[in-house]
Amino acid sequence: MILPQTVALLAALPFLTQAASIDYKKAWTAAGDKLPDFSYAGYHQSEVPLPALSRPAAETLIPSSGDQSSAIQKALDSVAKSGGGVVELKAGTYTLSHGLRVDNQTTLRGVGTEKTILELKYLTEDVIIMGNSSGKPKMGKPIPISTCHGY
């Protein structure tokens, strides 16, 4: 869904429809509204292509009864230590009481929507944390969001 504020901002920046690329340092209105730079959002800050969906799984898990947080995390850690790869969760419900950390170069993959289900029980932390704690995220300069008049 596009918010009215976004439409107003884009309408105030007519050069965006004419240019093939955006200079985020110059893309703002007279009121100071700026277009956020999402160029580093996503997998590996968008600098590395996503792994192929057909990449074979290094480890495959099947659902079982009880909390499966530890079993999934053990598989993720094992694959990450071997240099990365895919941990695949076969169809079924996986109960989690602890969050999972998916380290760099490692992919956690199910077999499809409504086929592989993560059921959260008593979870008091993030469900999935991406990347290892030693990585340094690329942080941009924070930009204040100004009020969009008329909305």
Qualifying position, being touching a Leu at 6+ places or on another chain (Cβ under 9 Å), among the polar types (S, T, N, Q) and modelled with pLDDT of 90 or more, among Ser78, Ser69, Ser82, Ser64: Ser69
Within region 101-132, tally of residues that are exposed (fewer than 13 other Cβ atoms within 10 Å of the Cβ), at pLDDT below 90 and either in contact with a Lys or Arg (Cβ under 8 Å, 6 or more places away or on another chain) or in a strand (DSSP E or B) (or both): 1
Residue ID - nearest to the chain's Cα centre (by Cα), chosen from residues in region 67-100 that are more than 16 Å from Pro51 (Cα to Cα) and part of a strand (DSSP E or B): Leu100
Hits in region 44-66 (condition: of a type in the set (Ser, Thr, Tyr), closer than 27 Å to Leu123 by Cβ and part of a loop (DSSP other than H, G, I, E, B)): Ser64, Ser65
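From the set of residues in region 13-43 that are of a type in the set (Asp, Glu) and modelled with pLDDT under 70, which is nearest to Lys121 (Cα to Cα)?
Top of the filtered list is Asp37.
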Scan of region 78-100 for residues that are touching a helix residue (DSSP H, G or I) at 6+ places or on another chain (Cβ under 6 Å), of a type outside the set (A, V, I, L, M) and either at negative phi or surrounded by fewer than 16 Cβ atoms within 10 Å (Cβ to Cβ) (or both), ordered by number: Ser97, His98
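The values are calculated or read from the model by the stated rules, or taken from the named source; none is laboratory data. Everything numeric in this text was worked out from a predicted model, so none of it was measured. As a convention, Cβ positions derive from the backbone with ideal geometry for all residues, glycine included, and neighbour counts pool all protein chains shown.
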